[in-house]
Protein chains: 2
Amino acid sequence: MSGGAYVHGYSEREAERLRDQARTLTSLLHDSVRYPPGSRVLEAGCGTGAQTVILAGNSPDAAITSVDISPESIRRAEDRVMAEGITNVTFQVGDLFSLPFDPESFDHIFVCFVLEHLADPGRALRALRPLLCPGGTITVIEGDHGSVYFHPESRAADTAIRCLVDLQREAGGNALIGRELYPLLVQAGYADVQVSPRMVYVDASRPALVEGFTRQTFTAMVEGVRDTVLSRGMMEKDEWKKGIADLKRTCEPDGVFCYTFFSATGKV
Amino acid sequence: MSGGAYVHGYSEREAERLRDQARTLTSLLHDSVRYPPGSRVLEAGCGTGAQTVILAGNSPDAAITSVDISPESIRRAEDRVMAEGITNVTFQVGDLFSLPFDPESFDHIFVCFVLEHLADPGRALRALRPLLCPGGTITVIEGDHGSVYFHPESRAADTAIRCLVDLQREAGGNALIGRELYPLLVQAGYADVQVSPRMVYVDASRPALVEGFTRQTFTAMVEGVRDTVLSRGMMEKDEWKKGIADLKRTCEPDGVFCYTFFSATGKV
């Protein structure tokens, strides 16, 4: 039964690895975001609550209001938060561009993985600013798909990633928004804007990130646009397959994969 | 005379900014490299001593031996070190691939901005390994020109940078070597290899880096291959000019520029 025992042991280790990876990324993006007891925090664009549970867990004595334009997303976020036993979050359906709050209702605003989907992220940032009381802060976290590079190099993989960027731009978003956070916040009238890049560097010495980030997060996301890319002839089928295979090739023992998130803060 | 006073004040500030920038980059790359008193350190490929003075300054009680294949470079490095009043460095002309030292002659080896110029960096790393005593470490620092991205985006600037990468490859080097340090060190037989990316993030809130890194270091380096690129028809003159102008455009108040160095360590 040593084979069985090994498989069991392996999947235990595997689960632990994935938990490690989730913790690593969570720390990378969230550890600097902790709000004092009693502070009023707006999470603008909470989606289904993936970041809400981390945000609320890290600031257990802040009063968090999480809004999203989709009632269905809000329902799922409520379920998720309840399942985690979190009690400091209030949910509300609302449009980022015209939220139903009085001016200066919040001490802090948190916006994570939202601006990338908006046609006019600057307008969203300007709409949020009056909701902050004097001295209040905004924190914005976004990725940047143009920050990706890897070893071995692959033109097919570069092209596949560019398809994802192009499709997001067509849909009115911007997958390269991370690098733009500084000018966006400054132009929206925030003061003391500071940007902190958060680079994810992955090689074989970090197996949790190889699996959890390179393969199951980034490569899986690129694979998600396969049907659109092929049906619209953005890439030939063989080139696409090579692109995906080359991304997975970076998960081999001699492969390396790099991606950078950006975290920005501004004040009122 | 207020105009004159301003100009004077400005150039004072300007000089201070450049010193700040040099310190910022020096800290980014060198702060983690400090060798204990009495340790025997080999700097392999010291060139004209730009890194030697920092290395020796940070480890004033280590005995540093700096070698380079070029007698002329060694002469200039000696002058530089003497001008700084540094006394813990011995210079020697020598070929990285066949250095005139007994096995296990050193406790630590330091290699900075050297591997990028070598046709077979793996062979260099293998040649150095026997020179380390058991428990000894190697530190390798390299850039990666493929880690560059910026705002606003520019295809012409991307192409100009790619010309630099292609020319370095033609010359037998590899301007994208930073991302490869992990597999290179592992394959050369070093143990416990750890890579630490050192990202230079530049926006208008960091004026010393705008001038000192984006404009005067990176853009100047790309401009350095202008004549070769144009004479060989790698780019049209107008496209080249646009590429350089677009790199300088990232130095404007709403511009952003990103570059990543890699620092790797391994053990014997």
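The values are calculated or read from the model by the stated rules, or taken from the named source; none is laboratory data. All of these numbers come straight from a predicted model, not from anything done at the bench. Note that each Cβ is placed from the backbone with ideal geometry, even for glycine, and that neighbours are counted across all protein chains shown.
Points worth noting:
- Against the test of being under 30 Å from A:Glu239 (Cβ atoms), more than 14 Å from every other protein chain (Cβ to nearest Cβ) and in contact with a Cys (Cβ under 9 Å, 6 or more places away or on another chain), the options A:Glu170, A:Glu211 yield a single qualifying residue, A:Glu211.
- Residue satisfying condition, being at positive phi and modelled with pLDDT of 95 or more, within set A:Gly233, A:Gly266: A:Gly233
- Residue within region B:237-257 that is within 30 Å of B:His108 (Cβ to Cβ), in contact (Cβ under 8 Å) with a residue 60 or more places away in the chain and in contact with a strand residue (DSSP E or B) (Cβ under 8 Å, 6 or more places away or on another chain) present: no
- Filter result for A:Tyr182 (surrounded by 22 or more Cβ atoms within 10 Å (Cβ to Cβ) and farther than 25 Å from B:Phe261 by Cα): no
- Residue in region A:194-202 that is charged (D, E, K, R) and either within 25 Å of A:Gly255 (Cβ to Cβ) or touching an Asp or Glu at 6+ places or on another chain (Cβ under 9 Å) (or both) present: yes
- Some residue of region A:90-106 being under 30 Å from A:Thr219 (Cβ atoms) and either in a strand (DSSP E or B) or of a type in the set (Phe, Trp, Tyr) (or both): no
- Test result for B:Gly122, in contact with a helix residue (DSSP H, G or I) (Cβ under 7 Å, 6 or more places away or on another chain) and either farther than 30 Å from B:Glu239 by Cβ or small (Gly, Ala, Ser) (or both): yes
- Within region B:187-203, the set of residues being facing chain A (nearest Cβ under 7 Å) and of a type outside the set (S, T, N, Q) comprises B:Val193, B:Val195, B:Pro197, B:Met199, B:Tyr201, B:Asp203.
- When B:Thr219 is tested against (1) surrounded by 19 or more Cβ atoms within 10 Å (Cβ to Cβ); (2) in contact with a Ser or Thr (Cβ under 7 Å, 6 or more places away or on another chain); (3) more than 9 Å from chain A (Cβ to nearest Cβ), just one condition goes unmet, and that condition is (2).
- Any hit, region B:137-156, residues being away from chain A (no Cβ under 13 Å), within 18 Å of the chain's Cα centre (by Cα) and part of a helix (DSSP H, G or I): no
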